[in-house]
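Colleague: One structure, pasted below without further comment.
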Amino acid sequence: MSKINKSRKLFATTATAALVASAIVPVASASNFTDADKIAPWATDAVNFLSEQEVIGGNPDGSFNPRGNITRAEAAKMFTAALKLSEEGTEDFKDVSEKDWYYGPIVAVSNAGIVNGKGAGLFAPKANLTRAEAAKMIVEAYGLTGEADLSSFSDAKTVSGKWSEEYLSTAVANGVINGKDGKLAANDSITRQEFAVMFKRAMDSVEVDFAGELANAVSDLEKATKALNVEVKIETIAETKAAVATAKTAITTTQAALDAAVKAAAITTDDAAKVQVTITKATELVKVTEEKIAKVEEAAKELTVQSISAKNATQVEIKFSKAVDKDTLFKNGISGALATADTVTIKSLETNGPVSIIGGELSEDGKTLVLTTATVLEKRYDFTVKGLKSTDGKNLKEHKQMLTIEADKTAPVITGTEKVSANLVKVTFSEPVKTLGTVSFKLEDGTAVTGIQEKTAFVAGDSSVIYDLTKAQVNGKDLATGVNVTATFVGVQDQNHNLLTPNPASVTFAKGAKDGVAPTVSVVTQTGAKEFTVKFSEQLIANPTIKVGTTTLDTANVVQDTADKTKYVVKTTEVLDGATTISVDGYTDLSGETGAAFSKVYTFVKDVVAAKPTKSAVVQDATDGKQYLEITFDKNVAIDDTSKVTVKGTQVKDFVTVAVDKSAAVSYKSKTDKKVIRVALSTLLDNAASYNVGATYDLDVTFANVKSETGVAVDSTTADFKLVADGTAAAAGKVAVTSVTPGATNDQVTVTFDGNVDLATATTAANYTVDGAVVESATAASSKTNVITLKLKANSNTFTGIRNVTVKEVKKLDGTVAMDTQTVVSAPLNENILPTVTTAKLTAVNTIKVTFSENVTDGTAVDFVLNVGGEAVKTTVTTATTSTGNVLELTLGTAVTAADLAKGLSLSAATTVDIKDAVGNKLTVPTAITVAQ
């Protein structure tokens, strides 16, 4: 008989810390099961011990049921609790579901190698555990070794040569099994108290080497932390996360082993301190790695619009999933006017016209855009956002959204004042305002202050105003510095005419004095091939005027540094090289002191260091679905139509190695990011021999006519990747809606696609949403068509006009890919609310006035039949065709009598009724209409 020796550590440190060490100080008192008196004396100690350690539990009714059989699931739970096994992970046993209470324990014991199931993909969680299965689980769990002669058992031959023989022999050798009435009874179900005894015997048979277990744990921890010393990449982030999980487990295990060794006095105080330092460092490394993972995952996020909401009557806030590249958002790359007319569009669904956008501001984190519109926003609008990139180069997929904006009823308030400079004060409102109303300036004693002017004339839509106190006077004399001035605003209104609250409202400010020290240019520093910074002695009111040689730079090329307000970043159009005159003029500090004109010759050094590739990676483009080889450099590079990349190396698939030597033109990934160039792999590897999906490539990458901005050729690099096929382009293989128009009746809407559609998905009513109406059905006129007719529920379409129609999940004929969810603005649709009769009144013996729920028109046919006592009478009922509005007069051919009146009059609709509302909805008369007298 061969020995079973798995060299298992018996999960020693965690088991030791949780059980052996805690046995010194019990975590609970002895068992108080309601049927404790039924536990056999030989099992009492074992049951009590395992109960105290929370390894074994009772039933909901408080009993232990010692003679009841234990199931395989219950045994799995005991081993998981005793050995502190991780329940993380998955298993695919056919008879185990994630919703089952025993799913976690079965995952734990299966992953730990304690049990493998019953075969055929089954675990049999509810089956009774046999004595042979118990022996196997205990031997595997505790790594027991040794063998015993089983011939003394009367049924030894029944296990000879079977899988259970080795495990039973080892269990007997370690005193775990002593037999049952002289038998092994391998196939007998084991009771709860029997299993408790076997479990306790297994624990007692193990001699724990606390110092050795700790040494093993520390060794495993060092290996686990070493695996974290790698670059975190999105391509390998799953492996890095797994390494973090392993390290965390190793930290927990090592801490438990250390605690156990300390309690058992198996380690010195100094050595324990060293191990604790190791654990602390490992914990810090895990934290740092998790932060790196978070950053990489953030970088890997797609750029999306998370929400669009109204801030006030003329401002809208758009939140993005990550920081937006300002160069793709604003015309000047900073703020204000948007990059193009299509960057963000707002269309009114009421007027079907565009909304003019004045400009926008992006938050410091680049994730929130506030747009200001030229007109008040109220009711429903279609928003489209497109053409943007994130700061890390991710493309924004075109975003469309319909937004209903409630009328702004919030009053504006003054949010504060800001001293811009000694003589300039900025008053800020909570939102853009339409008018400042009347503004007066007085001293604290009520004396009028004159000469205070708006620095820049206020215009409707501004959310602040700057007042210039330079010419302020009191009684014909200049306003003294430091004297408080109260500005009182009366009648300020926001863009929706909400009055300022409180009204009037006042703010107080004072004229400052110049500080007597003019600003100066401190230092000019070259920071790039076409960039330098100018630092001033103090902060300025506005951007300075800067010349390079004789060229005055555009203000867009002189930008205040966000971190250091005294510094300005200057970008030039030409490479900085050699002696160059830098001139600075027109700059004033916050106190109003003006700096002297500055001019100095600086010697700039042309950048002759080659741009170095910092990263090469294969990525799939979100727009065209192609795989691109992207090269990122440490500085901007210049390319033109002759720029190429050449790859040389090998590709390997199915143990076959093929040489690769290919070249292709390169392009920028983004027009605003000159550090990243790329080439589609399907273009670079342009034939079947080179383009081999599934092959692993190991390539040297060189460049032709790819240079730094100063003309220095870039360095070469390498690339290794496994080639996957190009994905599907965003719109390939999908249908799209081209129009939504009224149908033959007001209950119908026609949806037209750009190609024939799959009828199974196209005739599913749930795939269509019409704002303001309910879609009852969707039908097609033929099996091959691109036109679907929607039937609207009667009386569900409440208004006439355009509206959003959303279509989703429709596939192309014979296609497999559902369309992108699309919201389309329809042509004007008529409401389908049917007119009804609200009252009918007898105004003369031959005249009945009928009032309707809305304005109606009438044709020439007969509309009503007169009933007397509920029975139709033979008299003509003529509708006056000259009637207008929502009232029609009916003329009776025969005057009604007192007898008729006594029986009661009513009207019923004739089969020829042709009364309609303004959009053609026909009158509905479900029951007879009582005619009042």
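Colleague: If the requirement is being open to solvent by 60 Å² or more (accessible area, probe 1.4 Å) and under 30 Å from VAL774 (Cβ atoms), which of these qualifies: PRO835, PRO828? Working first, answer last.
Modeller: Details: PRO835 fails: open to solvent by 60 Å² or more (accessible area, probe 1.4 Å).
Just one listed residue meets the conditions, PRO828.
Colleague: Hey, can you tell me all the residues within the stretch 435-451 that are surrounded by fewer than 20 Cβ atoms within 10 Å (Cβ to Cβ) and in a loop (DSSP other than H, G, I, E, B)?
Modeller: LEU436, GLY437, GLU444, ASP445, GLY446, THR447, GLY451
Colleague: Here's something else I'd like to know. Tell me which residues, restricted to the stretch 414-434, are open to solvent by less than 50 Å² (accessible area, probe 1.4 Å) and either in a strand (DSSP E or B) or assigned by the TED database to the domain that holds THR588 (or both).
Modeller: ILE414, GLY416, LEU424, VAL425, VAL427, THR428, PHE429, VAL433, listed by residue number.
Colleague: Do you know which of the residues in the stretch 139-162 that are under 18 Å from SER110 (Cβ atoms) and out of contact with any Phe, Trp or Tyr (no Cβ under 7 Å at 6 or more places or on another chain) is surrounded by the fewest Cβ atoms within 10 Å (Cβ to Cβ)? Walk me through it before giving the result.
Modeller: Let us first name the residues in the stretch 139-162 that are under 18 Å from SER110 (Cβ atoms), namely 139-143.
Subsequent filtering for residues that are out of contact with any Phe, Trp or Tyr (no Cβ under 7 Å at 6 or more places or on another chain) retains 140, 142-143.
Working: GLU140: 22, TYR142: 26, GLY143: 16.
Here the residue is GLY143.
Colleague: Next up: Could you identify the single residue in LYS565, LYS514 that is open to solvent by 60 Å² or more (accessible area, probe 1.4 Å), closer than 30 Å to LYS442 by Cβ and outside any strand (DSSP E or B)?
Modeller: Testing whether each residue is open to solvent by 60 Å² or more (accessible area, probe 1.4 Å), closer than 30 Å to LYS442 by Cβ and outside any strand (DSSP E or B) leaves just LYS514.
Colleague: Can I ask one more? From the list VAL619, VAL637, VAL605, which residue is in contact (Cβ under 8 Å) with a residue 60 or more places away in the chain and either out of contact with any strand residue (DSSP E or B) (no Cβ under 7 Å at 6 or more places or on another chain) or open to solvent by 40 Å² or more (accessible area, probe 1.4 Å) (or both)?
Modeller: Numbers: VAL619 fails: in contact (Cβ under 8 Å) with a residue 60 or more places away in the chain; VAL637 fails: either out of contact with any strand residue (DSSP E or B) (no Cβ under 7 Å at 6 or more places or on another chain) or open to solvent by 40 Å² or more (accessible area, probe 1.4 Å) (or both).
Matching residue, one of VAL619, VAL637, VAL605: VAL605.
Colleague: Let me ask something else. Which residues, counting only those in the stretch 144-173, are assigned to a helix (DSSP H, G or I) and under 14 Å from ARG131 (Cα atoms)?
Modeller: Pass one, the stretch 144-173, residues assigned to a helix (DSSP H, G or I): 156-158, 163-173.
Across the stretch 144-173, the qualifying residues are ALA156, THR158, TRP163, SER164, GLU165, GLU166, TYR167, LEU168, SER169, THR170, ALA171, VAL172.
Colleague: With the requirement that a residue be among the charged types (D, E, K, R) and under 30 Å from VAL521 (Cα atoms), what does the stretch 598-624 give you? Steps first, answer last, please.
Modeller: The initial filter retains those residues of the stretch 598-624 that are among the charged types (D, E, K, R), namely 600, 606-607, 612, 615, 621, 624.
If the condition is that a residue be among the charged types (D, E, K, R) and under 30 Å from VAL521 (Cα atoms), then LYS600, LYS606, ASP607 are the ones that fit.
Colleague: Look through the stretch 394-409, keep the residues that are crowded, with 18+ Cβ neighbours inside 10 Å and of a type in the set (D, E, K, R), and return whichever of them is nearest to VAL305 (Cα to Cα).
Modeller: Out of the qualifying residues, it is LYS400.
Colleague: So which residues in the stretch 63-86 are open to solvent by 20 Å² or more (accessible area, probe 1.4 Å) and more than 13 Å from LYS38 (Cβ to Cβ), if there are any at all? Step through it out loud before you land on a result.
Modeller: Step one: list which residues in the stretch 63-86 are open to solvent by 20 Å² or more (accessible area, probe 1.4 Å), which gives 65, 67, 69, 71, 74, 77, 81, 84-86.
Answer for the stretch 63-86, where residues must be open to solvent by 20 Å² or more (accessible area, probe 1.4 Å) and more than 13 Å from LYS38 (Cβ to Cβ): ASN69, THR71, GLU74, LYS77, ALA81, LYS84, LEU85, SER86.
Colleague: Take the residues of the stretch 301-331 that are touching a Ser or Thr at 6+ places or on another chain (Cβ under 6 Å) and part of a loop (DSSP other than H, G, I, E, B): which is modelled with the lowest pLDDT?
Modeller: Selected residue: LYS301.
Colleague: Restricting attention to the stretch 286-341, report how many residues are closer than 22 Å to VAL355 by Cβ and under 23 Å from the mean Cα position of the chain (by Cα).
Modeller: Looking only at that region, the number is 15.
Colleague: Cβ-Cβ distance below 8 Å, separation of 6 or more or different chains: which pairs start in the stretch 338-363 with a residue that is touching a residue at least 60 places away in the same chain (Cβ under 8 Å) and end on one that is open to solvent by 50 Å² or more (accessible area, probe 1.4 Å) and basic (Lys, Arg)?
Modeller: Between residues of the stretch 338-363 that are touching a residue at least 60 places away in the same chain (Cβ under 8 Å) and residues that are open to solvent by 50 Å² or more (accessible area, probe 1.4 Å) and basic (Lys, Arg), the close pairs are LEU349/LYS379; GLU350/LYS379.
Colleague: May I ask you to say which residue of ALA341, ALA299 is open to solvent by 40 Å² or more (accessible area, probe 1.4 Å) and farther than 30 Å from LYS226 by Cβ? Spell out how you get there, then give the answer.
Modeller: Details: ALA299 fails: farther than 30 Å from LYS226 by Cβ.
ALA341 is the lone residue from the list that is open to solvent by 40 Å² or more (accessible area, probe 1.4 Å) and farther than 30 Å from LYS226 by Cβ.
Colleague: Might you check whether a residue that is surrounded by 15 or more Cβ atoms within 10 Å (Cβ to Cβ) and of a type in the set (Ser, Thr, Tyr) occurs anywhere in the stretch 326-334?
Modeller: Within the stretch 326-334, one or more residues are surrounded by 15 or more Cβ atoms within 10 Å (Cβ to Cβ) and of a type in the set (Ser, Thr, Tyr).
Colleague: Another question about this same structure. Go through the stretch 814-828 and count every residue that is modelled with pLDDT of 85 or more and of a type outside the set (Ser, Thr, Tyr).
Modeller: Of the residues in the stretch 814-828, the ones modelled with pLDDT of 85 or more are 818-822.
From what's left, of a type outside the set (Ser, Thr, Tyr): 818-820, 822.
Going through the stretch 814-828 one residue at a time, the tally reaches 4.
Colleague: Which of the residues that make up the stretch 23-55 are at pLDDT below 90, of a type in the set (Ser, Thr, Tyr) and open to solvent by 30 Å² or more (accessible area, probe 1.4 Å)?
Modeller: SER29, THR34
Colleague: Suppose we filter the stretch 788-810 for residues that are open to solvent by 60 Å² or more (accessible area, probe 1.4 Å) and either of a type in the set (A, V, I, L, M) or over 28 Å from SER853 (Cα atoms) (or both); how many remain?
Modeller: 2
Colleague: From (1) open to solvent by 70 Å² or more (accessible area, probe 1.4 Å); (2) closer than 27 Å to PHE79 by Cβ; (3) in contact (Cβ under 8 Å) with a residue 24 or more places away in the chain; (4) not in a loop (DSSP other than H, G, I, E, B), pick out the condition that doesn't hold for ASN187.
Modeller: Tallying (1) open to solvent by 70 Å² or more (accessible area, probe 1.4 Å); (2) closer than 27 Å to PHE79 by Cβ; (3) in contact (Cβ under 8 Å) with a residue 24 or more places away in the chain; (4) not in a loop (DSSP other than H, G, I, E, B), ASN187 fails exactly one: (4).
Colleague: Same structure, new question: Could you give me the residue pairs with C-beta distances under 6 Å whose first residue belongs to the stretch 274-288 and is within 17 Å of ALA245 (Cβ to Cβ) and in a helix (DSSP H, G or I), whose second residue is of a type in the set (Val, Ile, Thr) and open to solvent by less than 20 Å² (accessible area, probe 1.4 Å) wherever it lies, and which are 6+ apart or on separate chains?
Modeller: Partner pairs satisfying both residue conditions: ILE279/THR254; VAL286/VAL244.
The values are calculated or read from the model by the stated rules, or taken from the named source; none is laboratory data. Fair warning: this is a prediction, and the values are worked out from it, not measured in the lab. No Cβ is skipped: glycine too gets one built from the backbone with ideal geometry, and neighbour counts run over all protein chains shown. Accessible surface areas use protein heavy atoms only, side chains included; no ligands, DNA or RNA. Shrake-Rupley method; radii C 1.70, N 1.55, O 1.52, S 1.80 Å.
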